[in-house]
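The values are calculated or read from the model by the stated rules, or taken from the named source; none is laboratory data. What you see is a predicted model, and the numbers here were worked out from it, not measured in a lab. Methodologically, a virtual Cβ is constructed for each residue, glycine included, from the backbone with ideal geometry; neighbour enumeration extends over all protein chains shown. Note: areas computed on protein heavy atoms with side chains; ligands, DNA, RNA excluded. Shrake-Rupley method; radii C 1.70, N 1.55, O 1.52, S 1.80 Å.
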Amino acid sequence: MRLSIGSVAHGGYCVARHEGQVVFVRGTLPGEVVEATVTRAGRRNRFLFADATEILEPAAGRVPAPCPFSGPGRCGGCDWQHADLPTQRQLKAAVLAEQLQRLGGVTVPVEVAPVQGDRDGLQWRTAVRYAVTEDGRLGFRKHHSHEVEPIDRCAIATARIQDADVTTLDWTGAAEVAVTEDGDGVMMLPDPDAAEEAWLQRGAYGRTWRVPSSGFWQVHPGAADALADLVVEAIAGCRTVWDLYCGVGLFAGAAAVDDPGRRVEAVESHRPAVTAARANVADLPGVQVHRADVLRWLTSDAAGRGRPDAVILDPPRKGAGERVLSAIDAVGCRRIVYVACDPSALGRDVGLLRARGYDLDSVVALDLFPMTHHVEAVAVLSRGPAPRLD
Ligand SMILES: C[S@@+](CC[C@H](N)C(=O)[O-])C[C@H]1O[C@@H](n2cnc3c(N)ncnc32)[C@H](O)[C@@H]1O
């Protein structure tokens, strides 16, 4: 089908219409005219998904993909290889602004900024999880498919991971291979979910952080520093802070380094991450790390701890959700610093918080995942009669 491409949508698509039906098209840019092939139908056939197979009228931001494995029906890892970086960032900003408007009910200007260590959007991924083909080669799954596209080199992996030549080895017998670069070198772990815990060293905020192989750490080399700086800036003047979903303690630790008199309660449920967090903040007496489910901690253990000046929230992809936000509301916290990796979840949670009287003061968005549709945002919300602390 021939399609005139409209605005960008969440997930690496642009929207078009064909005979009245909405089509989400990959591999396009707003304003283009393309030839496209339908790849699947959406819920109850109400919309379609398609891949652009020929670009009849290209947009100004279109570039040849730097990676030879990207394109229709090929590796599904990246979404915007066909767009230059300013265009990618404009598209991500538009998606974030749209989700905040539609789900959060708030109109805010959004810009997406690069972080330190950006190399034209390539060579940034310090952790890569490869799938393995039946004949033992490494690759990535095609978009919305279990089929693996074998690859020689992933252009967004760091140079050290690309040079480690993992893709030349025979991985027969493994289902997945995790390759991670840390301060010590490159580690290869076949079937990481079944493997024994390995420990990595990461650097951020002028410190070294111990991270379990099963735990969370931002993959872009500039991400942890950029986020820690934004979070610390947003809690300026706050003496008591809760860091919920604290992982290995990055924000809790940075908050305590920034103000050694600050009291920080950090909450995390993943046992190896809690062990790492406790080790990472052992020299910072103001930080206490709790191993608990965030909701359970908020609704039981937090009772009697008073009202924190600020809550830092960095939940997994699905967001914090109604029950956690309502528990934070009940505590009466006046400032929330929300670190989000999914614009929809952030939009929905901002909507829930606004319904509870919080205002969205600012949103800063960072391009931590160039070439993909992913974007990270730090939103600061506040409520209450007290003057803001900054
Ligand atoms: C996006 S990571 C954030 C980690 C940390 N803030 C950082 O920047 O490194 C989310 C963390 O939340 C933890 N988590 C997920 N669900 C949780 C829950 N219900 N209660 C406590 N922690 C949870 C995960 O184990 C993960 O470490």
| note | Measuring from the longest principal axis of the C-alpha atoms of the chain, the long axis of helix 343-355 (C-alpha) lies at a number of degrees, nearest 10, equal to 40
| said: Taking the 0 to 90 degree range and rounding to the nearest ten, how far is the long axis of helix 271-280 tilted relative to the main principal axis of the chain, both from C-alpha atoms? | reply: 60
| said: Let me cross-check residue 318: its accessible surface, 1.4 Å probe, with only protein heavy atoms counted, in Å² to the nearest 10? | reply: 150
| request: Enter the accessible area of residue 210 (Å², nearest 10), with the probe set to 1.4 Å and all protein chains included. | output: 90
| note | Taking a probe of 1.4 Å and leaving out DNA, RNA and ligands, the chain shows per residue an accessible area in Å² of 44
| Relative to the longest principal axis of the chain, what angle (0 to 90°, nearest 10) does the C-alpha long axis of helix 223-234 take? | 40
| request: May I ask for the Rg/Rh ratio of region 60-151, computed from Cα atoms with Rh as the Kirkwood radius, given to two decimals? | output: 1.05
| said: Given contacts defined as C-alpha pairs under 8 Å and at least six residues apart, what's the relative contact order of region 101-167, whole-number percent? | reply: 27
| Is the chain best put as rounded, prolate or oblate by its Cα gyration tensor, with a ≥ b ≥ c the root eigenvalues, rounded for a/c under 1.5, and otherwise prolate when a/b is larger than b/c, oblate when not? | oblate
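Reported to two decimal places, what Rg/Rh ratio describes region 175-219 when computed on Cα atoms with Rh from the Kirkwood expression?
The Rg/Rh ratio comes out at 0.97.
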| said: At q = 0.13, 0.18 Å⁻¹, what log₁₀ I(q)/I(0) does region 133-215 have when each alpha carbon counts as one equal point scatterer in the Debye sum? | reply: -0.47, -0.86
| field | Alpha carbon centroid spacing (whole Å) that separates region 239-260 from region 67-85 | value | 37
| Built amide H within the under 5 Å cut-off of residue 28, gap 5+ | 14
| query | Rank 135, 367 by accessible area, highest first, at a 1.4 Å probe radius? | reply | 135, 367
| note | Quick numbers on region 38-193, Rg and Dmax over C-alpha atoms in Å, give 18.1, 51
| said: At a 10 angstrom cut-off on C-beta neighbours, averaged per residue, how do the peptides 95-106, 219-230 rank from highest to lowest? | reply: 219-230, 95-106
| note | Taking 307, 44 and ranking on accessible area (1.4 Å, protein atoms only), highest first, one gets 44, 307
| Accessible surface of the chain [probe 1.4 Å, protein heavy atoms]: carbon and sulfur percent | 49
| remark: CD proxy, 222 nm, the chain: helix-only mean residue ellipticity via -39,500 (n - 2.57) per DSSP H run with n ≥ 4, per residue, nearest 500, stands at -6500 deg cm²/dmol
| task | Give the ranking of 124, 217 by solvent-accessible surface, highest area first, calculated with a 1.4 Å probe. | result | 217, 124
| Computed over the chain: relative contact order in percent, which uses C-alpha pairs under 8 Å that are six or more apart | 14
| remark: Kirkwood-based Rg/Rh on the Cα set of region 190-327 evaluates to 0.95
| query | Considering only protein heavy atoms, what is the solvent-accessible area of residue 382 at a probe of 1.4 Å, reported in Å² to the nearest 10? | reply | 10
